[in-house]
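Novice: My structure is below; once you've seen it, I'll send some questions.
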Amino acid sequence: MRKILAERLFPVDTLRLLASERSAGQRLAFGGRQIPVEVLDDDSFEDIDIALFSAGSSVSARYAQAAVDAGAVVIDNTSHFRMDDEIPLVVPEVNAYKIADHAHRGIIANPNCSTIQMVVALKPLYDAAGITRIVVSTYQSVSGAGRRAMEELGKQTAALFNSQEVECEQFPHQIAFNCIPHIDSFLPDGYTKEEVKMVQETRKILDDPEIRITATAVRVPVFCSHSESINVETRTKLSAGDVRAILREAPGVLLQDDPQGNDYPLATQATGKDATYVGRIREDDSVENGINLWVVADNLRKGAALNAVQIAEILIRDYH
Ligand SMILES: O=C(O)C/C=C/c1cccc(C(=O)O)c1C(=O)O
C-alpha cells in the first residue's frame, strides 16, 4: 500500500499506520519520513479521510464502522463486506460507477486477487458479446498466503537441493516442486472458499447473477503473481482475432499473445507491474462460442494494493 501510494504520488497530507500491539512502535518509511505504527483503536480515525483496511476480516468487522462514524471512507481489502448488498465491490476498470454508491455505508470492498485479474480481462468481452459461462483454473503464487509462505517455499527448495527434510507449516503439503489444489478452507460440497469467492464476486462485479461459473484454485511454487487459465463462452461469436482487437484497447490490460515468438504472459514478467497480462488467446471449438485465455497479474499490486489505491484516487477525484 505504502509503495503504491508513493509511486502514484497520491496526495497524502497525513499517513497514519495502525496495527496490533504486536506491531506498535515500529517505524515504517513513507514520504521521506519514518512513520510510527500506532495501536488501532476506535479513536484512531479522527480527521482521517480514507481508511485502507488490510488486516484480516475480523479487524474490518470490528473497526470499519468506527472509521465511517469518524467521517472516513473505508476501502476494505478483506472479504468481510464483499457480498453485502449495500456495499459496492469495485474494480475501477470494470465498475467504477459503483463507487458513487459508497454513500450508502461509507465502505467500498476490494475483491479477491484472483477475481480482480479475471474480471479485468473478461469485462471487455462481456460488453462486446455477453458471457454465459466461465471455467477458470488458477495457478496462485505463495505470496497470496503471506510472507511466511514465501519464506517456506525458499526454505523447502534449499532443503530439497541439500537432501534435507522439508518443513510444512504454511501449507498442508510440501509446496516446493508441487501443486496444491487447496486455497483457503474446504466447504462441505468439496469446493474451497477461494473458489466460491471467485464465483460469487464475479457475478456481483459484472452485475449478472446468471453467469455460470466454476473455479479450481491451485497453489503453485511461484513467489509472486497469479496465473489463470480461463475458458469463457460468449453469447455471440467472437473470433480469436476479435478478442485480441477488443483486449488491445481494454483498460488495465496488456495483450501479450505471440506464441510463435514464445511471447505470452509470465508470472516472472508480471511481478512488480500494474497491468493484467492476457495471451494464449484461441477459439475453443468444443463448445459454441468458446474462447481460451491465459491471464497473469501481480496479486499484491493489481490483486490488492493497486486496486485499492485506484479506488481511493477515484474517490478524491470525483467524490471529494
Ligand atoms: O491465497 C491467495 O492467493 C489469496 C488470498 C486471499 C485471502 C487470504 C486470506 C483472507 C482473505 C479474506 O479477505 O477473506 C483473502 C481474500 O479473499 O482476499
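The values are calculated or read from the model by the stated rules, or taken from the named source; none is laboratory data. Since the model is a prediction, treat every value here as computed from it, not as a measurement. Backbone-built Cβ (ideal geometry, glycine too); neighbour counts: all protein chains shown. When the accessible area is computed, the model is the full protein with side chains, heavy atoms only, and any ligands, DNA or RNA have been set aside. Shrake-Rupley method; radii C 1.70, N 1.55, O 1.52, S 1.80 Å.
Novice: How much accessible area does residue 182 have with a 1.4 Å probe, in Å² rounded to the nearest 10?
Specialist: About 60 Å², rounded to the nearest 10.
Novice: Another question about this same structure. Would you calculate the separation in nanometres between label points at residue 318 and residue 244, each defined as 7 Å from the Cα along the Cα-to-beta-carbon direction?
Specialist: 3.3
Novice: Still on this structure, please answer the following. At a probe radius of 1.4 Å, what is the per-residue accessible area of residue 277, in Å² to the nearest 10?
Specialist: Per-residue accessible area (residue 277): approximately 30 Å².
Novice: For the pairs 98/204; 204/302; 3/302; 98/123; 3/273; 98/273, note any where the Cα-Cα span goes beyond 23 Å.
Specialist: Details: 98/204 11 Å; 204/302 19 Å; 3/302 13 Å; 98/123 15 Å; 3/273 12 Å; 98/273 25 Å.
Too far apart for the 23 Å limit: 98/273.
Novice: How would 208, 274 rank on accessible area, largest to smallest, probe 1.4 Å? Please list the in-between numbers first.
Specialist: Details: 208 20, 274 60 Å².
The ordering from most to least exposed comes out as 274, 208.
Novice: Could you pull the Rg and Dmax for region 1-127, using just the Cα atoms, both in Å?
Specialist: Spelled out, the Cα radius of gyration and Dmax of region 1-127 are 15.5, 49 Å.
Novice: Quick one: which residues, 5 or more positions from residue 219 or on another chain, have an amide H under 5 Å from its amide H? H modelled 1.01 Å from N in the peptide plane, none for Pro or chain starts.
Specialist: 140, 180, 182
Novice: So for region 99-186, what are the equivalent ellipsoid semi-axes in whole Å, largest first, each being the square root of 5 times an eigenvalue of the Cα gyration tensor? Please report the intermediate quantities before stating the final value.
Specialist: Details: eigenvalues 264, 65, 21 Å².
The equivalent ellipsoid of region 99-186 has semi-axes of 36, 18, 10 Å.
Novice: Mean separation of Cα pairs under 8 Å and 6+ residues apart, divided by the residue count of region 57-195: what relative contact order is that in percent? Mind showing how you got there, number by number?
Specialist: Details: 135 pairs, mean separation 19.5, N = 139.
Relative contact order here is 14 percent.
Novice: Moving on. Just want to confirm a number: the relative contact order over the chain, from Cα pairs under 8 angstrom separated by 6+ residues, in percent.
Specialist: On the way: 642 pairs, mean separation 57.9, N = 320.
That works out to 18 percent.
Novice: Taking only protein heavy atoms and a 1.4 Å probe, what accessible area per residue, in Å², does region 270-312 have with all protein chains in place? Numbers along the way, then the final one.
Specialist: On the way: 1360 Å² over 43 residues.
Value for region 270-312: 32 Å² per residue.
Novice: Follow-up. When only the heavy atoms of the protein chains count and the probe is 1.4 Å, how do 83, 198 rank by accessible area, highest first?
Specialist: On the way: 83 85, 198 0 Å².
Descending accessible area places them as 83, 198.
Novice: Hey, what's region 98-151 come to in accessible area per residue, 1.4 Å probe, Å²? Don't skip to the answer; put the middle values down first.
Specialist: On the way: 1720 Å² over 54 residues.
Per residue, region 98-151 has an accessible area of 32 Å².
Novice: In addition: Between Rg and the Kirkwood Rh of region 91-140, both from Cα atoms, what is the Rg to Rh ratio? The partial results should precede the final answer.
Specialist: Details: Rg = 13.0 Å, Rh = 12.6 Å.
Radius of gyration over Kirkwood radius for region 91-140 works out to 1.03.
Novice: Could you check how much of the accessible area of region 216-298 is carbon and sulfur, as a whole percent, using a 1.4 Å probe?
Specialist: On the way: 1840 of 3810 Å².
Carbon and sulfur: 48 percent of the exposed surface of region 216-298.
Novice: Determine the principal axes of the Cα atoms in region 6-63, then give the extent along each, sorted from largest to smallest and rounded to whole angstroms.
Specialist: Sorted from largest, the Cα extents of region 6-63 read 30, 23, 20 Å.
Novice: Right, next: Taking amide H positions as placed in the peptide plane 1.01 Å from N, state which residues far from residue 50 in sequence (5 or more) or on other chains have amide H under 5 Å from it.
Specialist: Excluding prolines and chain starts, which carry no amide H, the hits are 73.
Novice: Something else: Let me know the whole percent of all Cα-Cα pairs from the chain that are separated by more than 39 Å. Numbers along the way, then the final one.
Specialist: Numbers: 6967 of 51040 pairs.
The answer is 14 percent, as a whole percent.
Novice: Taking 2.2 N^0.38 Å as the expected size of a compact globular protein, what ratio does the Cα radius of gyration of region 164-320 give against it, to two decimals?
Specialist: Details: Rg = 17.7 Å, N = 157, 2.2 N^0.38 = 15.0 Å.
Cα Rg divided by the expected 2.2 N^0.38 Å: 1.18.
Novice: Right, something else. Which value at 222 nm does the chain reach when only helices count, each DSSP H run of 4 or more adding -39,500 (n - 2.57), with the total divided by all residues and rounded to the nearest 500 deg cm²/dmol? Could the numbers behind the result be given before it?
Specialist: Details: 9 runs with 94 residues, N = 320.
Here the helix-only value at 222 nm equals -8500 deg cm²/dmol.
Novice: Less than 14 Å Cβ to Cβ from residue 235, Lys/Arg counted +1 and Asp/Glu -1: what total charge do the surrounding residues give?
Specialist: Values: positive: 133, 212, 237; negative: 127, 208, 210, 233, 242, 288.
That sum, taken over residues with Cβ under 14 Å, equals -3.
Novice: Still on this model: Return the carbon/sulfur percentage of the accessible area of region 113-189, one whole number, probe 1.4 Å, all protein chains in place. Each step should come with its number before you reach the end.
Specialist: On the way: 1920 of 3880 Å².
Ligands and nucleic acids excluded, carbon and sulfur give 49 percent.
Novice: With every protein chain left in place and a probe of 1.4 Å, what is the accessible surface of residue 38, to the nearest 10 Å²?
Specialist: 80
Novice: Per residue, how much accessible area does region 6-48 show when a 1.4 Å probe rolls over the protein heavy atoms, in square angstrom? Intermediate results must be reported in sequence, preceding the final value.
Specialist: Working: 3120 Å² over 43 residues.
With the other protein chains kept in place, region 6-48 gives 73 Å² per residue.
Novice: At a 1.4 Å probe, what is the % contribution of carbon and sulfur to the accessible area of region 22-67?
Specialist: On the way: 1270 of 2790 Å².
Taking all protein chains in place, region 22-67 shows 45 percent carbon and sulfur surface.
Novice: Okay, next question. Taking springs between alpha-carbon atoms closer than 10 angstrom, which of 187, 89, 238 fluctuates most in the Gaussian network model of the chain?
Specialist: Looking only at 187, 89, 238, the biggest GNM fluctuation is shown by 187.
Novice: Taking every DSSP beta bridge with both residues inside the chain, roughly what % is antiparallel (nearest 5)?
Specialist: Values: 29 of 51 bridges.
DSSP beta bridges in the chain are roughly 55 percent antiparallel.
Novice: Under a plain spin-label model, where a point goes 7 Å from the Cα along Cα-to-Cβ, how far apart in nm are residue 167 and residue 65?
Specialist: The two pseudo-label positions are separated by 4.1 nm.
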